[in-house]
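What follows is one structure encoded as structure tokens, with my remarks underneath.
What follows draws every value from the coordinates through simple rules; no lab data is involved. What you see is a predicted model, and the numbers here were worked out from it, not measured in a lab. For neighbour counting, all protein chains shown are included, and Cβ atoms are generated from backbone atoms with ideal geometry for every residue, glycine included.
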Amino acid sequence: STAGRRRQQSRNRSTQPQEAPRVPSMADYNSSDQKTACRKHELYVSFRELGWQDWIIAPEGYAANYCDGECSFPLNAHMNATNHAIVQTLVHLMNPENVPKPCCAPTKLNAISVLYFDDNSNVILKKYKNMVVRACGCH
Amino acid sequence: GVNFLLDGANEIHASFIHRRLRTHEKREMQKEILSILGLPHRPRPHLAHGKFNSAPLFMLDLYNSISGGDDEGLQGLLDHYKPAVVTQSPPLATLQDSTFLNDADMVMSFVNLVENDREFSADRRHHKEFRFNLSQIPEGEAVTASEFRIYKDCVSNAFKNETFIISVYQVLQEHEDREADLFLLDARTLWAAEEGWLEFDITATSNLWVMSPQHNLGLQLNVRTSAGHSMMLRDAGLVGRDGPHSKQPFMVAFFKVSEVHVRTTR
């Protein structure tokens, strides 16, 4: 559907010459700067350092991790880029002022089990879903 | 309490400002983590008998049996369960517990609050009472299985060649002038020489106690010889409050979430 429109736009341009808006090239969006690429970073939440070892029996803490970095072309360079990320990138390229780039966020989260005392000195073993980032990607 | 570890390239992310959290920021962060854990405030347990009574030990056994299997969480327990993780002999956690765990989202052990020795002169009937507080179960959690656990030591007294019948009752109603109304939950016949943890199924009773805490009047336990004579629980080798901490009686319940947990807006 875009092919016909593009041909029409090109015909319009030929009749009404005007400077086309500069569309950023692939080079502008390549993620050669690996420091800013979307990836998983380690972050450890320590129950011990929070001073909670009097009521949390186990674990001492957990590697929660977080996602950080830019989502830009080529999206394949990032882990698990979604179809939405491609669409978001296209819309961003067309309207960079108003539409942000895709978001670097968790794509896979794991659970942890926590063993702790309650106020009555009863002990609780509970599974908490989505506590540990296992993989990041572009959404 | 939040540490930034070194990345794979052995450097902290360049754009990240590394600083200590201010006191109020740390307090807010603690509140957020407590909220994620579904707790309104930081628990303040009274650990008069130390952290590692029988109930925490049992729970630690369960925790150790699932640690390393977090990919599947409690669901993968049957595959990962290894009786070798049990830290003492005889084992606290059994394979039956692992079966319950397979279907559980939460496991909770309950400390025995009361242990009264009673003796009625009419028929010299001895029994012990036990009470557990099930009033603070998080909303939306349903009991899938529940056990009362009591340790039996090997008997080396006058009863050493006896067979015992141990009965567990739910207290239905208490009376000042006569014995309480009881409902038999479970009974077990044991040799005096047997040693280890006895498990009594109290699932239906626990469900009732969670639904209507006013009906929670506790459990009664009594022991009779094969000839029908009532006897002291201590003489049958049953460990009570005066026994070692690691062999104290306790209750354990397995729960499944029946409602979606929604974090409350603060």
Amide H neighbours of A:Lys108 under 5 Å, at least 5 residues apart or on other chains, H built in the peptide plane: list them. A:Arg134, A:Ala135
Tell me, what ³J(HN,Hα) does each residue in the range B:218-225 have, in order and in whole Hz, if you take phi through Karplus 6.51 cos²θ - 1.76 cosθ + 1.60 with θ = phi - 60° and put x for Gly and Pro? x, 10, 10, 10, 9, 10, 10, 7
Could you run the Karplus curve 6.51 cos²θ - 1.76 cosθ + 1.60 with θ = phi - 60° over the range B:140-152 and give me ³J(HN,Hα) per residue in whole Hz, x for Gly and Pro? x, 9, 10, 6, 9, 7, 8, 9, 9, 10, 9, 8, 10
Hz values of 3J(HN,Hα) by residue in the range B:163-179 - Karplus curve (6.51, -1.76, 1.60), Gly and Pro given as x: 10, 10, 10, 9, 10, 10, 10, 8, 7, 8, 7, 9, 10, 6, 9, 8, 5
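Between A:Asn83 and B:Asn207, how high is the FRET efficiency from 1/(1 + (r/R0)^6) when r is the Cβ-Cβ distance and R₀ = 51 Å? Nearest 0.05.
Efficiency, rounded to the nearest 0.05: 0.65.
Just list whichever of A:Lys40/A:Lys126; A:Lys129/B:Lys256; B:Lys128/B:Lys256; A:Lys126/B:Lys152; A:Lys101/B:Lys26; B:Lys128/B:Lys247 have alpha carbons separated by over 24 Å in the model shown. Provide the component values of the computation, followed by the final result.
On the way: A:Lys40/A:Lys126 26 Å; A:Lys129/B:Lys256 14 Å; B:Lys128/B:Lys256 31 Å; A:Lys126/B:Lys152 29 Å; A:Lys101/B:Lys26 31 Å; B:Lys128/B:Lys247 16 Å.
Check vs 24 Å cut-off fails for A:Lys40/A:Lys126; B:Lys128/B:Lys256; A:Lys126/B:Lys152; A:Lys101/B:Lys26.
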Using modelled backbone amide H atoms (1.01 Å from N, in-plane), which distant-in-sequence or interchain residues come within less than 5 Å of B:His126's amide H? B:Met231
Compute the distance in nm between two label points, each set 7 Å from the Cα along the Cα-to-Cβ direction, one at A:Ala63 and one at B:Lys256. 3.4 nm
